[in-house]
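The values are calculated or read from the model by the stated rules, or taken from the named source; none is laboratory data. All values reported here derive from a predicted model rather than from experimental measurement. Neighbour counts are summed over all protein chains in view; Cβ atoms, including those assigned to glycine, are modelled from backbone coordinates with ideal geometry. Ligands, DNA and RNA are excluded from the accessible area calculation, which covers all protein heavy atoms including side chains. Shrake-Rupley method; radii C 1.70, N 1.55, O 1.52, S 1.80 Å.
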Amino acid sequence: MSGRERDSEKWWKTGVVYQIYPMSFMDGNGDGVGDLKGIVSKLDYLNDGTGTSLGIDAIWLSPIYPSPNKDFGYDISDYRGIDPRYGSLEDFKTLLREAHDRNIRIVMDLVINHTSNEHPWFIEACKGRENPYHDWYMWHEGKKGKAPNNWFAAFDRKAWWWVEDVRKFYLSTWCRYQPEVNWRNPELKQAMFDMMRFWLDLGVDGYRIDVINWFIKDDRFRSNPYRLSLNPPDYQRHIYDRNRPEIHDLCREIRGVVDAYPGRFALGEVFTDSAEEAASYYGDGDELHMAFNFEFLFQKWGASNFLGVIDKWDGLLGDKGWPTYTLSNHDLPGRHYSRYAKGDETDKRARVAAAMLLTLRGTPFLYYGEEIGMSNRKIPRKTIQDPMGKKFWPILKGRDPGRTPMQWNASSHAGFSTTEPWLPVHPNHTVVNAEKEAGDPGSILSFYREMIWLRKKTPALCQGSYRPLVSGRTDYLAYLRSNPEQTVLVLLNFVGKPVPALLSGHQTEVSRGNWEVLFGTDRAKGNRMELSSGLSLRGYEVLILEEKGGSA
Ligand code: GLC
């Protein structure tokens with residue numbers, strides 16, 4: 001990648017980001033676990049510069065640092081290394097170089113709310129109250145021998161763990177092996193910032209920052225109020241252990257660290273289903289460059305449901321922040337292909353969802369395997385690996401079903417490995433796999449490719465404004481994406497039957513000129529259409545039109 005391209009400031013506004021769960025993408029050394037060499041071997045699949053590859057612009061790597069793997073890399077024991085199961089620092093540099101040669105950026109996961117309990121900082125911190133590292137973590141003496149408050153942990157329930165040597169409890173709101181750091185300690189903060197610079201100096205292109213809204217805890221350690229919820233982790237209103245006001249000063253400092261390196265970004269995982277909370281992490285355009293809005297991926301299938309979230313998110317951010325959209329990641333108990341499944345309509349739904357993701361105003365984040373239509377794989381309870389599904393919250397089955405190995409081909413381990421993989425491959429890999437789909441123009445992989453490459457060459461889809469043409473209850477989405485040179489109309493039918501579209505209220509917007517089909521599941525590319533009396537969308541139709549002058 002040339003210097004100019006690397007520094008093109010806002011590449012992340014136009015690019016498509018692809019999340020790789022490193023253990024599951026490609027095993028390069030035959031030990032059943034994915035690794036960096038494996039990823040390098042698949043870069044051409046991701047983007048070789050031509051439309052026969054997927055065409056993504058950046059890879060977000062879930063953590064690859066050394067880790068005891070109690071939470072699969074989200075418990076880091078050395079921030080400046082690479083876990084040997086993935087390779088070496090040299091392998092990482094090779095990945096960076098090879099990716100950049102293909103114009104693919106590399107985004108690292110930054111897990112700095114907590115470390116592993118095996119991190120040398122924590123080992124030191126436990127040695128004594130006077131130890132210089134002691135205050136790098138969150139401690140409390142407790143009350144009458146008990147935990148100081150009612151905060152609880154996402155995986156372990158219990159959040160406070162006693163350490164006899166210092167006669168204090170440490171805090172961990174994930175699992176006991178993930179002690180939380182003290183962001184109010186200036187040395188800790190500097191150590192984290194220096195570590196961020198270490199990777200930025202090596203050339204990484206951005207950070208996805210893990211659970212940013214959990215970093216700062218109430219300085220008086222007040223208990224959270226309880227509330228009723230069907231989801232155990234929501235039994236409390238997390239007003240004292242998450243989303244504290246001081247986090248926003250910290251976000252501005254983090255932004256400063258990243259902005260010293262042109263063209264890089266900081267994206268926050270705001271672990272909440274509140275779009276308002278997520279939007280607050282953009283500050284006045286001076287905090288994070290982007291944040292995830294999980295309200296979007298918690299939606300049930302239906303055009304109105306998505307429309308509500310899109311309008312809200314776009315409205316909340318306005319001009320001050322750039323939206324993000326994603327439908328699957330490594331944390332959801334399932335992939336969206338399964339979440340939105342409906343018999344033999346499932347594949348069509350997945351295409352409508354992909355078309356939405358790739359044509360909205362905002363950066364799309366794809367999760368490995370969604371482009372080939374991977375679905376959840378049932379994991380027998382005894383073989384569950386994820387701490388969330390093990391014993392702590394028995395009603396939650398864990399996140400393994402959406403983390404199974406990438407399905408490269410129909411061979412016995414799906415082409416992922418030469419040996420038994422760490423999680424079983426989905427039995428449907430004999431039909432759902434990249435090799436087979438690559439040669440089939442009607443496959444979902446071909447659909448994703450076509451959409452991604454169309455997006456790339458259509459400026460209005462990358463950076464144009466968003467203007468919905470439907471509101472309230474609707475079976476279809478219709479929105480305009482426009483920039484000064486171009487207007488594109490996206491129509492997506494979310495139901496399996498024909499739907500009359502654009503019948504009223506939009507004559508001025510759509511009847512001006514005539515429209516040319518840029519992409520259509522049911523209409524030929526290049527066809528001209530005239531929309532003054534609306535149109536009838538076929539079941540699950542995806543139609544993308546560009547406004548042209550003159551009459552049809
Ligand atoms: C984030 C990660 C998740 C992890 C948790 C604790 O939510 O995405 O995988 O378990 O943080 O680090």
Selection from region 227-260 of residues that are more than 19 Å from residue 190 (Cβ to Cβ) and either within 16 Å of the ligand (Cβ to nearest atom) or in contact (Cβ under 8 Å) with a residue 40 or more places away in the chain (or both): 231, 232, 233, 234, 235, 236, 238, 240, 241, 242, 243
Residue that is nearest to residue 193 (Cα to Cα), among those in region 249-265 that are open to solvent by 60 Å² or more (accessible area, probe 1.4 Å) and assigned to a helix (DSSP H, G or I): 253
Checklist (1) away from the ligand (no atom under 15 Å from the Cβ); (2) touching a strand residue (DSSP E or B) at 6+ places or on another chain (Cβ under 8 Å); (3) of a type in the set (S, T, N, Q) applied to residue 190, failing item: (2)
Residues of region 176-218 classified as closer than 29 Å to residue 150 by Cα and either of a type in the set (Ser, Thr, Tyr) or in a strand (DSSP E or B) (or both), total: 4
Residue list for region 71-123, restricted to those being in a helix (DSSP H, G or I) and within 16 Å of the ligand (Cβ to nearest atom): 122
Single residue of 105, 85 found to be touching a residue at least 24 places away in the same chain (Cβ under 8 Å), touching a helix residue (DSSP H, G or I) at 6+ places or on another chain (Cβ under 9 Å) and buried (at least 22 other Cβ atoms within 10 Å of the Cβ): 105
Residues of region 270-318 classified as surrounded by 19 or more Cβ atoms within 10 Å (Cβ to Cβ), small (Gly, Ala, Ser) and part of a helix (DSSP H, G or I), total: 5
Qualifying positions in region 121-134 - in contact (Cβ under 8 Å) with a residue 12 or more places away in the chain and surrounded by fewer than 16 Cβ atoms within 10 Å (Cβ to Cβ): 127, 128, 129, 132
When residues of region 150-197 are limited to those that are among the basic types (Lys, Arg) and closer than 19 Å to residue 140 by Cβ, the one surrounded by the fewest Cβ atoms within 10 Å (Cβ to Cβ): 167
Some residue of region 359-371 being at positive phi and either at pLDDT below 95 or not assigned by TED's automatic domain parsing to the domain that holds residue 333 (or both): no
